[in-house]
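Please read the structure below before turning to the comments.
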Amino acid sequence: MIRSVVWWEVETDAPERFQQFHADLSGWTFRPAFGGTELQADYWVIQAGGSDVGGLQRGAIARSSGTRVYLHTDDLEAALARVRDLAGEVERERVELDGTQWFALFRDSAGVQWGLWTDRP
């Protein structure tokens with residue numbers, strides 16, 4: 001069902017500081033993304049060597065901070081059902097990004113947040 005890690009994100013209340021630090025440390029660049037979508041969030045794609053490698057999102061520190069890993073799945077709804085079966089909590093159902101990619105968010109039974117990613121409608 002779950003095939004591999006396909007994406008990672010950092011959520012912080014200080015994305016500008018994050019961008020400056022990691023641009024200076026690693027040479028990463030940051031491209032604004034998903035403007036005007038249902039996400040309604042400040043979001044940047046992290047690029048290294050011209051390739052998209054992860055995401056950065058502004059988040060409220062009280063809600064969460066840290067890194068979110070996305071797992072690839074061929075069947076998003078089956079994976080979400082399995083999360084529920086295992087006493088996990090689905091926090092965001094399927095969200096379409098651009099007509100070719102979809103994701104969902106969940107917390108495992110230990111409270112750790114994860115993402116699921118698919119290219120299957």
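The values are calculated or read from the model by the stated rules, or taken from the named source; none is laboratory data. From a predicted model like this one, the values you see are computed outputs, not experimental measurements. Reconstructed Cβ throughout: ideal geometry from the backbone, glycine too, with neighbour counts over all protein chains shown.
Looking at the range 85-102 only, could you name the residues that are surrounded by 11 or more Cβ atoms within 10 Å (Cβ to Cβ) and either aliphatic (A, V, I, L, M) or part of a loop (DSSP other than H, G, I, E, B) (or both)?
The answer is Gly88, Val90, Val95, Leu97, Gln101.
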| Limited to the range 46-67, what total is found for residues that are modelled with pLDDT under 80 and charged (D, E, K, R)? | 1
| remark: Log entry, pairs with first residue in the range 31-49 being more than 12 Å from Glu9 (Cβ to Cβ) and touching a residue at least 12 places away in the same chain (Cβ under 8 Å), second being surrounded by fewer than 13 Cβ atoms within 10 Å (Cβ to Cβ) and not aliphatic (A, V, I, L, M), beta carbons closer than 7 Å, six or more apart or on different chains, reads Gln47/Arg31; Ala48/Ser26
| query | Mind checking whether some residue in the range 11-27 is modelled with pLDDT of 90 or more and either β-branched (Val, Ile, Thr) or in contact with a Cys (Cβ under 9 Å, 6 or more places away or on another chain) (or both)? | reply | no
| query | Can you tell me which residue in the range 1-53 is surrounded by the fewest Cβ atoms within 10 Å (Cβ to Cβ), limited to those that are among the hydroxyl-bearing types (Ser, Thr, Tyr) and over 30 Å from Ala81 (Cβ atoms)? | reply | Ser51
| From the list Leu56, Leu105, which one is in contact with a Gly (Cβ under 9 Å, 6 or more places away or on another chain), surrounded by 13 or more Cβ atoms within 10 Å (Cβ to Cβ) and of a type outside the set (Gly, Ala, Ser)? | Leu105
| request: Please determine, by comparing only the residues of the range 68-110 that are in contact (Cβ under 8 Å) with a residue 12 or more places away in the chain and of a type in the set (Gly, Ala, Ser), which one is nearest to Phe34 (Cα to Cα). | output: Ala104
